[in-house]
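The values are calculated or read from the model by the stated rules, or taken from the named source; none is laboratory data. Values in this document were obtained by computation on a predicted structure and should not be read as measured data. Cβ: placed from backbone, ideal geometry, glycine included. Neighbour counts: every protein chain shown. What goes into the accessible areas is simple: the full protein's heavy atoms, side chains included, and nothing from ligands, DNA or RNA. Shrake-Rupley method; radii C 1.70, N 1.55, O 1.52, S 1.80 Å.
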Amino acid sequence: MTVTTDSPHAGTVTGGPALPQERRLVTEIPGPRSQELLARKAAAVPVGIGHTAPISAVAAGGGVVVDADGNSLIDLGSGIAVTTVGNAHPKVVEAVQRQVAAFTHTCFMVSPYESYVEVAEALNRLTPGDHEKKTALFNSGAEAVENAIKIARKHTGRQAVVAFDHGYHGRTNLTMALTAKTMPYKSGFGPFAPEVYRAPLSYPFRDGLSGAEAAKRAITMIEKQIGGDQVAAIIIEPIQGEGGFIVPADGFLPALVEWAQANGVVFIADEVQTGFGRTGAMFASERFGIVPDLITTAKGIAAGLPLAAVTGRAEIMDASHPGGLGGTYGGNPIACAAALAAIDAYESENLVERANEIGAVIRERFAAVQASDPRLGDVRGHGAMMALEFVDPETGEPDAALTAAIAKASIAQGVIVLTCGTFGNVIRFLPPLSIGDDLLNEALDVVTAALAAA
Ligand code: PMP
């Protein structure tokens, strides 16, 4: 793809992996052309739709995003864990172009096609556990979560659903109810869906509990406040994403799975953010030695095309009557073509292994920073899903202002970083797995300098 801007700096920008993998600042950020777009955005788009990096993106490839002023920013966010194989991956581009020319849509519920079935077969093969599985496709992470709950309720004949402190599952009505944090996700948008309960999580940096202790606390709450025989499903992110990249203590997730099995409760792993190699395993559940009954995926599944899935035990997935699941666009053929190409890239380019290398670089660099800077309270994560939690060194209280300042300064210096956390005090790294060591280290230099200067 070729994108032309008439900026004096940019000239002709060729998108995709041919884009120079470099950080290049030719104006302040935002430059004049980006400012122009942001002014139009403010006039045309509601304030409810925010943005992190104040740029007008015109091209992206691999690990960089180029703006209309000709600036090239290093991407440590992957559009929130989506372009995990690298932006505009050549295999994805080729597959999408081939499919869009063949047919754009039939609706799988009207005229089925092979690529949907192939994606289902791939997910049945790749997700944890060697039991018989089935997969249904949808458009977004929230839609996958909604459908996983529908399926679990139909299968069990029960209604209650347990989500966890710091959890994030989406912005639709049911998923808002499942999501923990009120601002900005829920405030004023109620009433929320009923029969959703919240259990305490394992958050080792803040609660100091072992996995077994944290699981006992959660299970006691469920049994005493809801009743195990009332619960259709437990839904949890193996590593919480928006909530702060919280890695539960060892043993927490296996204890919950064991309790769910003993009580006829469907255990749903929401791997929308952790899935597809991100954590240095194809799915984060593997890192904790658990086999979920159902698993929700989206984001990295199709490299930027909207696609999501629920995959799980065939007998649970088949609980719905014919016609009970679906949607006009779910498993759109262009998105399925992208997913098959992305899955090929994960497997043939050793991207899962690369996630671990990226994680080792980030961990080593920030462990060194932490040794001399007590504001960096915790360095945590797995693979290329790593986070820095910032605190007031005197009190241990979350420092959201410092975190926001680091993110803002990093973006101004041409590195896209995202924040997260219930307390807004976590910088999260979600680089594309195709990023090279040089580009990664340069980006981390910028973040480190922003911390030192803050
Ligand atoms: N679950 C998790 C764990 C997520 O991280 C997200 C998105 N951040 C969602 C669900 C919702 O996905 P979507 O935005 O595609 O609806």
Residues in the stretch 291-338 that are closer than 19 Å to residue 94 by Cβ, open to solvent by less than 10 Å² (accessible area, probe 1.4 Å) and touching a Ser or Thr at 6+ places or on another chain (Cβ under 8 Å) total 3
Please identify the pairs in which a residue from the stretch 418-433 that is under 17 Å from residue 358 (Cα atoms) has its Cβ atom under 9 Å from the Cβ atom of a residue that is modelled with pLDDT under 95 and buried (at least 24 other Cβ atoms within 10 Å of the Cβ), counting only partners at least 6 apart or on another chain. none
Unmet requirement for residue 121, which otherwise passes all of (1) closer than 23 Å to residue 306 by Cβ; (2) within 11 Å of the ligand (Cβ to nearest atom): (2)
Which residue, of 118, 132, 143, 114, is at negative phi and either free of Cβ contacts under 8 Å to residues at least 60 places away in the same chain or not assigned by TED's automatic domain parsing to the domain that holds residue 313 (or both)? 114
Could you list, in sequence order, the residues of the stretch 404-449 that are part of a helix (DSSP H, G or I) and under 15 Å from residue 389 (Cα atoms)? 404, 405, 406, 407, 447, 448
For the stretch 93-126, give me the residue count where each residue is open to solvent by 70 Å² or more (accessible area, probe 1.4 Å) and in contact with a strand residue (DSSP E or B) (Cβ under 9 Å, 6 or more places away or on another chain). 2
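This table checks each residue for (1) over 21 Å from the mean Cα position of the chain (by Cα); (2) without any contact (Cβ under 8 Å) to a residue 60 or more places away in the chain; (3) under 29 Å from residue 155 (Cβ atoms); (4) assigned to a loop (DSSP other than H, G, I, E, B).
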position	(1), (2), (3), (4)
279	no, no, yes, yes
286	no, no, yes, no
338	no, no, no, no
343	no, no, yes, no
347	no, yes, no, no
352	no, no, no, no
Residues of the stretch 380-413 that turn out to be over 22 Å from the mean Cα position of the chain (by Cα) and closer than 22 Å to residue 54 by Cβ, as a count: 6
May I ask you to list the residues in the stretch 194-206 that are within 15 Å of the ligand (Cβ to nearest atom) and either hydroxyl-bearing (Ser, Thr, Tyr) or surrounded by fewer than 21 Cβ atoms within 10 Å (Cβ to Cβ) (or both)? 196
What pairs come out if I take residues in the stretch 163-175 that are part of a loop (DSSP other than H, G, I, E, B) and pair them with residues that are more than 7 Å from the ligand (Cβ to nearest atom) and open to solvent by 20 Å² or more (accessible area, probe 1.4 Å) whose C-beta lies under 6 Å away, six or more apart or interchain? 165/180; 165/200; 166/180; 166/422; 167/180
Residue 83: passes all of (1) open to solvent by less than 30 Å² (accessible area, probe 1.4 Å); (2) touching a His at 6+ places or on another chain (Cβ under 9 Å); (3) assigned by TED's automatic domain parsing to the domain that holds residue 383 but (3)
Would you mind stating whether residue 363 is farther than 22 Å from residue 22 by Cβ and touching a Phe, Trp or Tyr at 6+ places or on another chain (Cβ under 6 Å)? no
Does the stretch 250-263 include one or more residues that are open to solvent by 20 Å² or more (accessible area, probe 1.4 Å), assigned by TED's automatic domain parsing to the domain that holds residue 290, part of a loop (DSSP other than H, G, I, E, B) and among the polar types (S, T, N, Q)? yes
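Residues are listed down the side, and each one gets a yes or a no for (1) within 16 Å of the ligand (Cβ to nearest atom); (2) open to solvent by 70 Å² or more (accessible area, probe 1.4 Å); (3) farther than 22 Å from residue 227 by Cβ:
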| site | (1), (2), (3) |
| --- | --- |
| 128 | no, no, yes |
| 140 | yes, no, yes |
| 148 | yes, no, no |
| 154 | no, yes, no |
| 162 | yes, no, no |
| 165 | yes, no, no |
| 186 | yes, no, yes |
Near pairs, Cβ below 7 angstrom, 6+ apart or cross-chain, from the stretch 226-240 (small (Gly, Ala, Ser)) to any residue that is surrounded by fewer than 24 Cβ atoms within 10 Å (Cβ to Cβ) and part of a loop (DSSP other than H, G, I, E, B): 228/263; 232/158; 232/159
Assess whether residue 136 counts as being at pLDDT 95 or above, more than 15 Å from the ligand (Cβ to nearest atom) and crowded, with 22+ Cβ neighbours inside 10 Å. yes
